[in-house]
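Input: a single structure, listed below in C-alpha cells.
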Amino acid sequence: MYTHKMTETAKRLGNIRSIHPIVIVKEMMQIAQQNKYKDYEFVDGNINFPFIDAVSAGSDAGGFVLVLNKSVIKTTDTILIGKGICFDSGGIQSKGDHMEDMFFDKLGAVLTFSYCMSNPDVGGLIFLASNLVGPDSYVPHEIIESRLGKKVFIDHTDAEGRLCLADLIEYAEELNKSARKITIATLTGAAVRFTGDNTFALVHTPDVELKKKIVEFASISEIDLWPAPSHKAYKKALKTKVFGADIASCGNMTGGGSMTAYEFLASFNKKLTHLDIAAMGVQDHNYTGWGIKEIDFIVNS
C-alpha cells in the first residue's frame with residue numbers, strides 16, 4: 001500500500017543532515033511514537049555484524065541495526081533491507097571534493113522504515129552508520145569475514161554499502177530463509193552514469209516476470225524503474241586470487257559497477273532483488289521523497 005504520508009515521512013528523514021546515526025534514530029523513534037508504531041526493535045549489540053562494525057569503525061558513533069515489523073519478521077513473505085549510511089566520506093580512499101550530497105546515502109533505510117511502518121505484513125531490516133576516517137578505519141586490501149564465514153577482500157573503502165547490506169542479508173536468511181529479500185540502496189555512482197539523473201532506478205533481479213512487469217509499467221510512466229542487464233562476466237569479475245579470500249568486494253572490470261555490486265550481494269542470496277536508487281531522489285541538494293511508490297510496486301509484483 002502506497003500513501004502520500006509515507007512519502008512525506010521519507011522526505012522528513014532523508015533531509016536530515018547529520019553524520020551521527022543516533023540523530024536519525026531519534027527522529028525515527030519520534031515518528032514511530034507519533035504514529036503509534038511499536039513493532040520494531042534494536043538488534044542486541046552482542047550480535048555480530050562484522051561489515052557494519054568495520055565500516056563504522058572510523059566514526060565514534062558506531063552503528064545501529066533495527067528490525068521493523070518484528071512480530072512478522074520470521075513468517076513474512078517479504079523482507080526489505082535498507083542501506084543507511086548517514087554520511088559517506090569514502091573512507092580512507094576518500095571521495096575528495098565529491099561528497100557534498102553524501103548525507104543522502106541513507107535513503108534505502110529511510111524508505112524501508114517509511115514503508116514498513118505503514119505496511120505491517122512486510123518485514124524490514126535497516127542499518128544506520130557513517131563511513132568516516134579515523135584511527136580505526138577499515139582499509140583497502142583487508143580481508144573481513146562475514147557473519148557466516150565468507151571471506152571478503154576489500155578492494156575499495158568507498159564500496160561500503162554492499163558490505164553492510166551483506167551483513168543484513170545473512171541475518172535475514174537466519175531469521176526467515178523462505179522470505180523474498182529485497183535490498184534498497186543508493187549503492188553505486190555507476191547506476192547514475194547508466195541511467196542519468198532522476199530518470200530510473202536500476203532493478204537487479206533473477207525474476208524474469210518481474211523484469212517484464214517493470215518494462216511494461218515504466219513504458220507508461222507509472223514507475224521510475226528499469227531492469228538492469230545480467231551477464232556471467234559480472235559475477236566472474238568478483239573472483240580473486242588473494243590468499244585467504246573467497247570474493248572481492250568490487251571486482252576487476254572496467255565499467256559495469258552497478259552490476260558487479262549486485263553480483264556481490266547475490267553471492268549472499270542468489271534469489272535477491274536489489275534496487276540501486278543512487279540515480280534517484282536528490283535534486284538541488286534536497287531529497288524529494290521519491291521511492292515509496294516504486295518499492296510498493298516491487299513488493300506487490
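The values are calculated or read from the model by the stated rules, or taken from the named source; none is laboratory data. Being a predicted model, the structure only gives us computed values, none of them experimental. When we count neighbours, we look across all protein chains shown, and the Cβ atoms used for this are built from the backbone with ideal geometry, even at glycine.
The figures follow:
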{"item": "Only one of 65, 23, 72 that is closer than 15 Å to residue 167 by Cα and not charged (D, E, K, R)", "result": "65"}
{"item": "Which listed residue is surrounded by 22 or more Cβ atoms within 10 Å (Cβ to Cβ), at pLDDT below 95 and not aliphatic (A, V, I, L, M), from 281, 291, 251, 255", "result": "251"}
{"item": "Candidate set from the range 226-248 (those that are surrounded by fewer than 18 Cβ atoms within 10 Å (Cβ to Cβ) and among the aliphatic types (A, V, I, L, M)); member that is farthest from residue 157 (Cα to Cα)", "result": "233"}
{"item": "Residue within the range 209-225 that is in a loop (DSSP other than H, G, I, E, B), surrounded by 12 or more Cβ atoms within 10 Å (Cβ to Cβ) and among the hydroxyl-bearing types (Ser, Thr, Tyr) present", "result": "no"}
{"item": "Matching option when the condition is in a loop (DSSP other than H, G, I, E, B) and farther than 22 Å from residue 176 by Cα, among 16, 24", "result": "16"}
{"item": "The lone exception for residue 253 - which of (1) outside any loop (DSSP other than H, G, I, E, B); (2) under 27 Å from residue 144 (Cβ atoms); (3) out of contact with any Gly (no Cβ under 7 Å at 6 or more places or on another chain); (4) free of Cβ contacts under 8 Å to residues at least 40 places away in the same chain it fails", "result": "(1)"}
{"item": "Candidate set: the range 166-200, residues that are at pLDDT below 95 and of a type in the set (S, T, N, Q); chosen: the one farthest from residue 282 (Cα to Cα)", "result": "195"}
{"item": "Residues of the range 36-55 classified as over 20 Å from residue 153 (Cβ atoms) and modelled with pLDDT of 95 or more, total", "result": "8"}
{"item": "Selected residue [without any contact (Cβ under 8 Å) to a residue 40 or more places away in the chain, at negative phi and small (Gly, Ala, Ser)] from 63, 45, 14", "result": "45"}
{"item": "Test for residue 126: is it in contact (Cβ under 8 Å) with a residue 40 or more places away in the chain and farther than 26 Å from residue 281 by Cβ", "result": "no"}
{"item": "Residue list for the range 88-144, restricted to those being buried (at least 16 other Cβ atoms within 10 Å of the Cβ), part of a loop (DSSP other than H, G, I, E, B), out of contact with any Leu (no Cβ under 7 Å at 6 or more places or on another chain) and among the β-branched types (Val, Ile, Thr)", "result": "92"}
